[in-house]
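A quick write-up on the structure given underneath.
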Amino acid sequence: MNRMLRRLISAPLTLTLALSACLLPASAAPQPDVQLASGPLTQADFLHTEGKKLVNAKGEAVTLRGVNLGAWLIWEDWLCPYEEVAEHAEALEVLTERFGEEGAYALFNTYLDNFITEYDLDEIKAMGFNCVRVPFWFRNFYYDDAGRKILDANGEWDFSRLDWIVDECTKRGLYVILDMHGAVGYQSDAPHSGKGGSCGLYDDTPESEQYRKLTDELWTAIAARFRDAPAVAMYDLLNEPMCDVNCGELTRRKNNTMIYTRLYNTVRAADPDHIITLECIWTPLALPHAALKGWKNVVYQVHFYQNSDFIFNLFVWLARLYYSDVPMLMGEFYPHKKTTWKNCFSTMEKYGFSWMLWTYKAAGHGMWEGDWCLRGSKDGFERAKLRTDSYEEIARKFGACLRTENGYQDSGHYERDVAAFLQ
């Protein structure tokens with residue numbers, strides 16, 4: 001997720017999309033029925049792709065309609081209740097310098113324990129959603145970009161946060177999209193990957209090759225761990241690759257094809273059965289066709305934050321037309337100003353998209369989070385001063401006050417704008 005509207009598509013691209021709409025015939029597909037599990041997910045609910053559809057092992061078509069759990073495992077300053085630092089990498093560096101590595105991660109874990117809990121998953125299920133997309137980054141598993149692993153009490157590589165979310169969602173009949181929001185070495189220049197201006201995953205250098213090896217290692221471990229988990233809907237290999245990088249679509253397509261081919265093969269070696277989703281933001285031109293690469297059981301994904309119903313409709317239509325042989329996922333979106341809820345939902349329904357709202361909750365500052373989430377606070381939140389607050393004060397601000405039931409408000413969007421589309 002990027003800050004506000006800096007993802008605007010350029011005027012020349014908008015014109016190209018408009019001309020394409022005039023020249024190419026529409027090709028809408030009816031949306032499959034949404035399947036809401038009445039109990040825990042089982043192997044019968046394991047998803048795969050068939051043409052443009054997601055289908056479970058019972059042969060039933062499934063559309064995923066869900067929310068992102070942004071600002072949980074990876075932080076963004078405008079969504080999170082802290083100040084005096086800008087990015088998650090900087091936050092960990094500051095806390096480590098002040099309190100040591102053990103103290104820094106203890107504070108991080110306090111935050112994680114409280115920001116998303118079983119209460120939130122119960123709420124998401126009760127709302128009628130059937131999926132959560134879970135953004136994470138490499139420093140949930142490595143202390144640094146040299147590959148020093150975070151270990152649990154048994155000396156094993158610690159995947160307890162992903163284990164917890166997958167287990168709890170399984171119990172509630174919720175699917176999970178596991179989203180690598182920040183890869184080792186960083187896959188974009190955007191700060192939402194953990195550290196802005198640091199895109200080092202693609203370079204032809206020994207250092208970047210080491211980053212790619214560690215990203216392979218991490219995806220291998222995740223895919224092996226969850227290969228039999230029916231609640232895992234798909235693996236989202238890289239969030240918004242090359243976002244904010246100053247390059248054209250041909251360069252973006254070249255680099256995306258290189259890294260996705262590698263990661264696709266990495267995951268398939270560990271897990272041949274789960275769906276893999278590949279992101280082709282910000283235009284439908286940023287990825288090759290799946291059939292040309294031999295990619296199977298894949299979903300193509302786009303994100304949208306434009307301030308225009310017209311551009312939204314055009315964008316969704318062209319993505320569906322251009323990638324006509326795979327299911328499509330709107331992995332992040334939030335109607336803003338002139339982009340309306342009704343139009344977004346009806347357009348995605350028309351063209352058979354699954355979708356994930358950005359985001360479920362936020363505790364940021366400088367805005368009323370209800371513009372961008374379902375749970376927030378009009379009055380704001382008490383923010384931890386990471387450079388000057390005491391350890392105890394930061395722990396308190398990362399404690400029970402972060403729990404949704406302790407001070408968050410309904411933005412009004414669910415009842416007013418979303419609920420009818422989940423019936």
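The values are calculated or read from the model by the stated rules, or taken from the named source; none is laboratory data. Since this is a predicted model, take the numbers as computed values, not measurements. All Cβ positions, glycine included, derive from the backbone under ideal geometry; neighbour counts span all protein chains shown.
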So, of the residues in segment 381-423 that are β-branched (Val, Ile, Thr) and touching a strand residue (DSSP E or B) at 6+ places or on another chain (Cβ under 9 Å), which turns out to be farthest from Arg65 (Cα to Cα)?
Ile394
Condition first: touching a residue at least 24 places away in the same chain (Cβ under 8 Å) and either out of contact with any strand residue (DSSP E or B) (no Cβ under 7 Å at 6 or more places or on another chain) or basic (Lys, Arg) (or both). Now tell me which residues in segment 306-321 satisfy that.
Gln306, Asn307, Ser308, Asp309, Ile311, Asn313, Leu314, Trp317, Leu318, Arg320, Leu321
Quick check on segment 266-299: of everything there that is touching a helix residue (DSSP H, G or I) at 6+ places or on another chain (Cβ under 9 Å) and of a type in the set (Ser, Thr, Tyr), which residue is farthest from Cys243 (Cα to Cα)?
Thr266
Of the residues in segment 287-344 that are over 17 Å from the mean Cα position of the chain (by Cα) and acidic (Asp, Glu), the one that is nearest to Phe421 (Cα to Cα) is Asp309
Where a residue in segment 142-164 is more than 23 Å from Ala231 (Cα to Cα) and its partner, wherever it lies, is modelled with pLDDT of 95 or more and of a type in the set (Ser, Thr, Tyr), with Cβ under 7 Å and at least six apart
Asp145/Tyr211; Arg148/Tyr142; Lys149/Tyr142; Ile150/Tyr142; Ile150/Tyr143; Asp152/Ser160
Checking Asp379, Asp389 in turn, the sole residue that is free of Cβ contacts under 8 Å to residues at least 40 places away in the same chain, of a type in the set (Asp, Glu), surrounded by 17 or more Cβ atoms within 10 Å (Cβ to Cβ) and farther than 30 Å from Tyr323 by Cβ turns out to be Asp389
If Thr266 passes every condition in (1) out of contact with any strand residue (DSSP E or B) (no Cβ under 9 Å at 6 or more places or on another chain); (2) within 14 Å of Thr215 (Cβ to Cβ); (3) surrounded by 22 or more Cβ atoms within 10 Å (Cβ to Cβ) but one, which one does it miss?
(3)
Number of positions in segment 193-209 that are more than 21 Å from Glu76 (Cα to Cα) and in contact (Cβ under 8 Å) with a residue 40 or more places away in the chain:
1
From the set of residues in segment 210-227 that are among the aromatic types (Phe, Trp, Tyr) and in contact (Cβ under 8 Å) with a residue 60 or more places away in the chain, which is surrounded by the most Cβ atoms within 10 Å (Cβ to Cβ)?
Tyr211
Starting from segment 267-293, take each residue that is modelled with pLDDT under 90 and list its partners that are among the small types (Gly, Ala, Ser) and crowded, with 21+ Cβ neighbours inside 10 Å, counting only C-beta distances under 9 angstrom and pairs at least six apart or across chains.
Cys280/Ala286; Cys280/Ala319; Ile281/Gly331; Thr283/Ala319; Pro284/Ala319
Scan the helices (runs of 4 or more DSSP H) fully inside segment 244-328 and keep the ones with 1 or more residues being of a type in the set (Val, Ile, Thr).
249-270, 309-322
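Conditions (1) more than 24 Å from Ala71 (Cβ to Cβ); (2) assigned to a helix (DSSP H, G or I), marked per residue:
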{"position": "Asp179", "(1), (2)": "no, no"}
{"position": "Ser188", "(1), (2)": "no, no"}
{"position": "His192", "(1), (2)": "no, yes"}
{"position": "Lys195", "(1), (2)": "no, no"}
{"position": "Asp203", "(1), (2)": "yes, no"}
{"position": "Glu207", "(1), (2)": "yes, yes"}
{"position": "Thr215", "(1), (2)": "no, yes"}
{"position": "Ala223", "(1), (2)": "yes, yes"}
Out of Phe115, Phe129, Phe141, Phe136, report the one residue that is surrounded by 21 or more Cβ atoms within 10 Å (Cβ to Cβ), at pLDDT 95 or above and within 15 Å of Lys195 (Cα to Cα).
Phe136
Please work out which one of (1) touching a Cys at 6+ places or on another chain (Cβ under 6 Å); (2) farther than 30 Å from Phe46 by Cα is the condition Gly248 fails and give its number.
(1)
